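The values are calculated or read from the model by the stated rules, or taken from the named source; none is laboratory data. Source: prediction; values computed, not measured. Neighbour counts run over all protein chains shown; Cβ positions are idealised from the backbone, glycine included. Accessible surface is based on the protein model in full, side chains and every heavy atom, while ligands, DNA and RNA are left aside. Shrake-Rupley method; radii C 1.70, N 1.55, O 1.52, S 1.80 Å.
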Amino acid sequence: MDDLVSVEGETPMALDIIGAGFGRTGTDSLREALTVLGFGPCHHMYEIRDNPEKIEPWYDYFCNGAPLDLDLLFEGYRSQVDWPGAHLWRESAARYPDAKVILSVRDPEGWYQSYSKTIKMFRETEMPPEEAHKRRMQEFIEVFLGDRFDTKERAIKEFDRHVEDVKSTISPDRLLVFELGSGWEPLCRFLEVPVPDRDYPHTNSSVSFQQSNIELSKDQS
């Protein structure tokens with residue numbers, strides 16, 4: 001595990017919720033759900049995408065060899081889901097021992113199909129010069145994803161291994177394995193909060209991901 005940096009001065013906000021699930025396991029819907037339940041702001045890859053100034057500490061850690069400073073990476077956030085934060089679930093669980101851990105999961109075949117139409121496509125899309133921010137995102141995504149998902153067989157094996165790794169590491173009383181489509185009840189029971197009088201969020205389909213994240217060339221259209 002990387003050495004963690006302690007921030008001097010005021011005690012930073014500690015995460016209450018650590019999301020350990022891979023991207024494309026309903027993390028954007030989970031982000032909205034946690035916000036509705038009062039556990040926001042919630043960190044997600046979209047926080048980096050939509051706020052270019054937030055990329056620097058992540059880029060420095062993954063690409064420039066900066067020490068891991070979780071308090072800096074999650075400064076101002078009460079919860080975290082999705083990559084890149086989910087890549088650091090083990091370190092976050094150690095840094096924030098009182099935080100609960102949510103492992104969002106789905107059928108591995110369905111996950112891979114969603115990954116292929118979204119994150120994989122984003123990794124492989126050549127961004128135009130004016131999209132420098134997204135090019136930097138691609139760079140640090142390549143660092144933490146590497147070649148683990150190069151083939152479908154390897155990707156699904158990695159997905160299954162990750163799920164078992166989290167389940168065997170985090171104590172059951174601290175962990176919720178949250179199946180895609182489960183809705184409010186298991187989440188609210190785990191967090192000990194009332195079930196809201198509204199539908200569970202459903203966001204971030206593959207099509208909306210492509211529209212929001214990927215500038216397709218004419219040849220790819």
Return the only residue of A132, A66 being among the hydrophobic types (A, V, I, L, M, F, W, C), more than 27 Å from A33 (Cα to Cα) and in a loop (DSSP other than H, G, I, E, B). A66
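Are any residues in the range 22-56 among the hydrophobic types (A, V, I, L, M, F, W, C) and within 26 Å of G110 (Cα to Cα), and if so, which ones? Steps first, please.
Applying the first criterion (among the hydrophobic types (A, V, I, L, M, F, W, C)) to the range 22-56 yields 22, 30, 33-34, 36-37, 39, 42, 45, 48, 55.
Across the range 22-56, the qualifying residues are F22, L30, A33, L34, C42, M45, I48.
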What residue, among those in the range 132-155 that are open to solvent by 30 Å² or more (accessible area, probe 1.4 Å) and closer than 16 Å to R24 by Cα, is modelled with the highest pLDDT? K152
For the condition open to solvent by 80 Å² or more (accessible area, probe 1.4 Å) and either over 17 Å from L68 (Cβ atoms) or among the hydroxyl-bearing types (S, T, Y) (or both), what is the one hit in P97, P129, P108? P129
Some residue of the range 66-83 being over 16 Å from the mean Cα position of the chain (by Cα), without any contact (Cβ under 8 Å) to a residue 24 or more places away in the chain and farther than 17 Å from T27 by Cβ: yes
Matching residues in the range 84-107 - criterion: being in a helix (DSSP H, G or I), touching a residue at least 60 places away in the same chain (Cβ under 8 Å) and either of a type in the set (A, V, I, L, M, F, W, C) or touching an Asp or Glu at 6+ places or on another chain (Cβ under 9 Å) (or both): A86, W89, R90, E91, A93, A94, R95
Pull up the range 47-61, narrow it to residues that are closer than 20 Å to E32 by Cα and among the acidic types (D, E), then point me to the one that is surrounded by the fewest Cβ atoms within 10 Å (Cβ to Cβ). D50
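How many residues does the range 158-190 contain that are in a helix (DSSP H, G or I) and either modelled with pLDDT under 95 or under 19 Å from the mean Cα position of the chain (by Cα) (or both)? Steps first, answer last, please.
Applying the first criterion (in a helix (DSSP H, G or I)) to the range 158-190 yields 158-169, 172-174, 184-190.
Imposing the further condition that a residue be either modelled with pLDDT under 95 or under 19 Å from the mean Cα position of the chain (by Cα) (or both) reduces the set to 158-167, 169, 174, 187.
Adding up the residues that qualify gives 13.
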